[in-house]
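The values are calculated or read from the model by the stated rules, or taken from the named source; none is laboratory data. None of these values were measured; they are calculated from a predicted model. In this analysis, Cβ positions are derived from the backbone assuming ideal geometry, glycine residues included, and neighbour counts consider all displayed protein chains.
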Amino acid sequence: MSTTIDSGVLNALNAGGSSGSDSSSGLGASGSGDLRDNFMTLLITQLQNQDPLNPLENNEMTSQLAQINTVSGIEDLNETLAGITSQLDENRALQASGLIGQGVMVPGDRVLLEKGDDGSLHTTPFGIELGQNAENVRVTITGSDGQVVNRYDIGSVSAGVESFSWDGKTSEGADAASGAYTVKVEATRGDDTLDSETLNYAVVGGVTPTDDDGGVRLDLGAVYGQVSLDQVKQIL
């Protein structure tokens, strides 16, 4: 007598493997539960309809049970991963909220100069991110009209992130006018120009959660817009 499996059981099993799945995260809770039940139904049906002269082998039984355990394991793993992801998102949001009101260095090339009533000059910091040590970093400050206002050398700078400040003076030593300027940094070692990224200063005004990846974006105001948390290179 051959083993006969009801076609409805097989159809239910096949349906359970597809209807309960999610293309991005694997089996859902209800889908994996249905699939596990279908596996069990299939196993019981096989036992009830097996040929007495050719019973189900132990290794076949073990294989069926292993499949059932695998389905249960996937469900438990998905629940664990979902919990970890939720905790990471909460920690990321908490970390980002602590930056509100803080000054940060982010990719950009803008420097602001303001002259006080007492004649003192105040400029926002700028910075550089280097992958390797530089023997010299040259800074060029340019006005909105494209004219170079000042150009000077900082000297050697170590790999990593470093921030600096411009004294607000022109190359001739005069006070530059209040306003926005563009800063350019060039890092060299010997005759080689090194890869670098210019950074500018901004103040975090708020935090906005993102729906696409569960992360957050920092609101830096109308001028700088929003940036992701990983774009913050330094907190001042």
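Within segment 140-151, is there a residue that is farther than 16 Å from residue 182 by Cβ, in the same structural domain as residue 192 (by TED's automatic domain parsing) and out of contact with any His (no Cβ under 7 Å at 6 or more places or on another chain)?
Let us first name the residues in segment 140-151 that are farther than 16 Å from residue 182 by Cβ, namely none.
Checked segment 140-151: no residue is farther than 16 Å from residue 182 by Cβ, in the same structural domain as residue 192 (by TED's automatic domain parsing) and out of contact with any His (no Cβ under 7 Å at 6 or more places or on another chain).
Test each condition in (1) among the charged types (D, E, K, R); (2) touching a residue at least 24 places away in the same chain (Cβ under 8 Å); (3) more than 16 Å from residue 152 (Cα to Cα) for residue 192 and report the one that comes out false.
(2)
What are the pairs, 6+ residues apart or on separate chains, where a residue within segment 156-172 that is in contact (Cβ under 8 Å) with a residue 24 or more places away in the chain and in the same structural domain as residue 124 (by TED's automatic domain parsing) has its Cβ under 6 Å from a residue that is of a type in the set (Asp, Glu) and not in a loop (DSSP other than H, G, I, E, B)?
Here the result reads 161/129, each pair linking segment 156-172 to a residue that is of a type in the set (Asp, Glu) and not in a loop (DSSP other than H, G, I, E, B).
Go through (1) over 25 Å from residue 234 (Cα atoms); (2) at pLDDT 95 or above; (3) not hydrophobic (A, V, I, L, M, F, W, C) and name the single condition residue 184 misses.
Among (1) over 25 Å from residue 234 (Cα atoms); (2) at pLDDT 95 or above; (3) not hydrophobic (A, V, I, L, M, F, W, C), the lone unmet condition for residue 184 is (1).
What is the number of the single condition among (1) under 19 Å from residue 197 (Cβ atoms); (2) touching a Gly at 6+ places or on another chain (Cβ under 9 Å) that residue 114 does not meet?
Among (1) under 19 Å from residue 197 (Cβ atoms); (2) touching a Gly at 6+ places or on another chain (Cβ under 9 Å), residue 114 violates only (1).
For segment 89-106: of the residues being under 28 Å from residue 184 (Cα atoms) and surrounded by 15 or more Cβ atoms within 10 Å (Cβ to Cβ), which is modelled with the lowest pLDDT? So that I can check it myself, show each step before the final result.
From segment 89-106, those under 28 Å from residue 184 (Cα atoms) are 99-106; that's our starting set.
Filter once more, keeping what is surrounded by 15 or more Cβ atoms within 10 Å (Cβ to Cβ): 99, 103-106.
Numbers: 99: 87, 103: 94, 104: 95, 105: 96, 106: 96.
Going through the qualifying residues, I end up with 99.
Of everything in segment 159-192 that's in contact with a strand residue (DSSP E or B) (Cβ under 8 Å, 6 or more places away or on another chain) and among the charged types (D, E, K, R), which residue is farthest from residue 132 (Cα to Cα)? Give the derivation first.
Keep residues of segment 159-192 that are in contact with a strand residue (DSSP E or B) (Cβ under 8 Å, 6 or more places away or on another chain), which gives 159-171, 175-190.
Within this subset, residues satisfying the condition of being among the charged types (D, E, K, R) are 162, 167, 169, 175, 184, 186, 189.
On the way: 162: 12, 167: 26, 169: 30, 175: 34, 184: 18, 186: 13, 189: 10 Å.
Ranking the qualifying residues of segment 159-192, first place goes to 175.
Quick grid of which residues meet (1) within 28 Å of residue 120 (Cα to Cα); (2) over 19 Å from the mean Cα position of the chain (by Cα); (3) surrounded by 18 or more Cβ atoms within 10 Å (Cβ to Cβ):
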site	(1), (2), (3)
160	no, yes, no
165	yes, yes, no
170	yes, yes, no
176	yes, yes, yes
196	no, yes, yes
216	no, no, yes
232	no, no, yes
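Can you list the strands (runs of 3 or more DSSP E) found entirely within segment 146-193 that contain at least 1 residues being of a type in the set (D, E, K, R) and within 15 Å of residue 109 (Cβ to Cβ)? Walk me through how you get there before you give the answer.
Values: elements: 148-157, 160-164, 179-189.
By residue number, 148-157, 179-189.
Take residue 132 and tell me if it is assigned to a loop (DSSP other than H, G, I, E, B) and in contact (Cβ under 8 Å) with a residue 40 or more places away in the chain. Outline the logic, then answer.
Numbers: assigned to a loop (DSSP other than H, G, I, E, B): yes; in contact (Cβ under 8 Å) with a residue 40 or more places away in the chain: yes.
For residue 132, the condition - assigned to a loop (DSSP other than H, G, I, E, B) and in contact (Cβ under 8 Å) with a residue 40 or more places away in the chain - is met.
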